[in-house]
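Throughout, read-outs are computed from the coordinates displayed, never taken from laboratory work. Quick caveat, the model's predicted, so the values are computed rather than measured. Counting neighbours? That spans all protein chains shown, and the Cβs are built from the backbone with ideal geometry, glycine included.
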Amino acid sequence: MPGKMAQPDAPRSEGPSHGQSHVEVVSVRLAFGDRRVFDGLSCRFSHAKISVILGASGVGKSTLLRIIGGLQRPDYGDVWIGEQEISRLSERQMQRVRSRLGMMFQGGALLDSMTVFDNVALPLREHTRLSKREISDRVHAQFDAVGLKRVDALLPGQLSGGMKKRAALARAMITEPEILLIDEPFSGLDPLAVRLIEALLVEVNRTKGLTMILTNHHIGSTVRMADEVVFLIDGASIHGSVKEIKESIDPRLQRFLEAAGTGPSLEDAS
């Protein structure tokens, strides 16, 4: 069945009802002053799948990632990570949940004054008691996993756009999370770099079984890599596979896809 507009529900006191859901957002409302971002948003993200959050600029794609990561509390509603509801946890309790999460920020958010090695090693130095040798081994294993070589002593400013994305992904994965939250991984990249990062994310998902939730405005990569799509609009969502999204009769979704010029690409996803 085509994706349908999610209907607001009352927040639940039990874990997700969908056995394959790894992350679930239920009836979330959020406003910044007079601007309402979400008004009863409900959506779910499946275990070990690649879920892409689509939508026009300003609809709250990055904000939704921040809510899932515990960096932004909703005004109302529930946010489930597995069987744990996180929206009302203390900061200390949330730190334990964050150990299950990795986040790749838009633009990479690498620290310019630190080498690439130190950027990737930082979460291990701050949150583990690993030895210097163990940290070095873990960092270089992640460099290998994302295809980076001889970058230890380089500063972020010495990297190409694609290399920065790879370094940011290595840092997000360094603590071996269950869930990766990835904000606009293809922004600022040329078409070849988009394909390379796209292939890398798919490989990481398939080999490590990670649940990936990413925001994206690049329709072609969404069609090629997404297992499911969450389309944000008017404070709520439409959820489905690429095929279901293509077949949705919701006029708002169709206008978005037509404006993005996606007709041929979506036809290829049938």
Residues of the range 42-62 with amide N under 19 Å of the 7 Å Cα→Cβ point at R35: 54-62
Taking H239, H47 and counting other C-beta atoms within 10 Å, the order from fewest to most: H47, H239
Gyration tensor verdict on the chain (Cα atoms; rounded if a/c is under 1.5, prolate if a/b is larger than b/c, oblate otherwise): oblate
Estimated inter-spin distance, A56 and I249, nm [label 7 Å along Cα→Cβ]: 2.3 nm
Only Lys, Arg (+1) and Asp, Glu (-1) charged, at Cβ; the range 117-225 dipole about Cα centre in debye: 220 debye
Cα-based convex hull volume of the range 107-155 per residue, rounded to whole Å³: 84 Å³
Order of K243, K61, K132 under a 10 Å beta carbon neighbour criterion, fewest first: K132, K243, K61
Convex hull projection area averaged over all views, the range 174-243, Cα basis, nm²: 5.6 nm²
Structure-based [θ]222 nm, the chain - -39500 (n - 2.57) summed over DSSP H runs of at least 4, per residue, nearest 500: -11000 deg cm²/dmol
Distance (nanometres) between label positions extended 7 Å along Cα→Cβ at D112 and L155: 0.9 nm
Relative exposure of K164, K149, K49, judged by other C-beta atoms within 10 Å (fewest first): K149, K49, K164
Cα-centred dipole magnitude for the chain, charges only on beta-carbon of K, R (+1) and D, E (-1), debye, nearest 20: 640 debye
Test item: Cα-centred dipole of the range 25-83, Lys/Arg +1 and Asp/Glu -1 on Cβ, debye: 180 debye
Amide H partners (placed H, <5 Å) of Q106, local residues excluded: D183
Using θ = phi - 60° and Karplus 6.51 cos²θ - 1.76 cosθ + 1.60, couplings along the range 224-230 (whole Hz; Gly, Pro as x): 6, 10, 6, 7, 8, 10, 10
Pairwise FRET efficiency - S99 versus E134, Cβ, R0 = 25 Å, nearest 0.05: 0.90
